[in-house]
Structures are given as structure tokens and as C-alpha cells.
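The next block holds one structure in the form of C-alpha cells; read it before the comments.
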């Protein structure tokens, strides 16, 4: 991801803002289907849905149709953005076992092919 964009902070049409940058991840509350659909109309590379709220079925369907992976996180939007902004500084792989554990976790919990496909790599 090259850009993290927060959705739903203003009343502007999301497509205008979300369409400014390629390879963007849209971070939006799970209870904002209006903003989620705006992100899917661009489409975003992926969506991070905050506050632990599952998206409505229509949003799930459209995300599947557009090939946009969605991730549900328990934290609020501000906390999630702070976590994403500091993840690289906090993630250290200075031990081979950490790296192998990370690879195992990614293999078992992340649909890497969908993410790569969404990025167009």
C-alpha cells in the first residue's frame, strides 16, 4: 500500500478523494456502508473496517465482485490509523524464528493472492 486514506471524516463524495491515489487502503468504520461503497466505486486496493462492525451484505458482495479485500479490526479508526502509521517501526525481524513464524501466520490467515491481484502486481 502506498496510501492510507480515512473515510467518513467529511461530507464530500468519497470517490473524489479515494480516486486521487493508486494503491490506497481505505480505513473506515464498519457501520458506514455509504463510505465503503464510495471506496468500492474507485476501487480501493483494500478496506480496513474499524470498530469491529461487520459490513452489510451488499458491501461484502460488491467487495467480492470488485476483488477488494476487506479486513475487520476491533479498534476505532484513530487507533487503527496510529497503529498502521507505526507498524513498520514496531515490526522487527531480527531473528530467523520471528520471520518463519510471520510467514506461517501470513500463509494461514492472509489471502495473499487477492492482495497481489488487487495491487495489480
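Would you point out which residue out of 105, 72, 84, 99 is at pLDDT 80 or above, at negative phi and over 15 Å from the mean Cα position of the chain (by Cα)?
On inspection, the qualifying residue turns out to be 105.
If you scan the range 44-91, which residues turn out to be assigned to a loop (DSSP other than H, G, I, E, B), over 15 Å from residue 33 (Cβ atoms) and in contact (Cβ under 8 Å) with a residue 12 or more places away in the chain?
Once the filter is applied, which keeps residues that are assigned to a loop (DSSP other than H, G, I, E, B), over 15 Å from residue 33 (Cβ atoms) and in contact (Cβ under 8 Å) with a residue 12 or more places away in the chain, the range 44-91 yields 45, 52, 67, 69, 73, 74, 75, 76.
Would you pick out the residues in the range 102-121 that are in a helix (DSSP H, G or I) and without any contact (Cβ under 8 Å) to a residue 24 or more places away in the chain?
Within the range 102-121, 102, 103, 104, 105, 106, 107, 108, 109, 112, 113, 116 meet the criteria.
Somewhere in the range 78-89, is a residue surrounded by 10 or more Cβ atoms within 10 Å (Cβ to Cβ), within 22 Å of residue 51 (Cβ to Cβ) and touching a helix residue (DSSP H, G or I) at 6+ places or on another chain (Cβ under 8 Å)?
No, that holds for no residue.
Go through (1) closer than 21 Å to residue 109 by Cα; (2) assigned to a strand (DSSP E or B) and name the single condition residue 28 misses.
It fails just one condition, (1).
Could you check residue 94 against (1) part of a loop (DSSP other than H, G, I, E, B); (2) within 14 Å of the chain's Cα centre (by Cα) and say which number it fails?
(2)
Out of the range 1-57, which residues are at negative phi, in contact with a helix residue (DSSP H, G or I) (Cβ under 6 Å, 6 or more places away or on another chain) and modelled with pLDDT under 70?
Matches in the range 1-57: 14, 15, 18.
Only residues that are within 12 Å of residue 114 (Cα to Cα) and buried (at least 21 other Cβ atoms within 10 Å of the Cβ): list them for the range 41-68, please.
Result: 45, 46, 63, 68.
The values are calculated or read from the model by the stated rules, or taken from the named source; none is laboratory data. Values in this document were obtained by computation on a predicted structure and should not be read as measured data. Cβ sites come from the backbone with ideal geometry, for glycine too, and all protein chains shown count toward neighbours.
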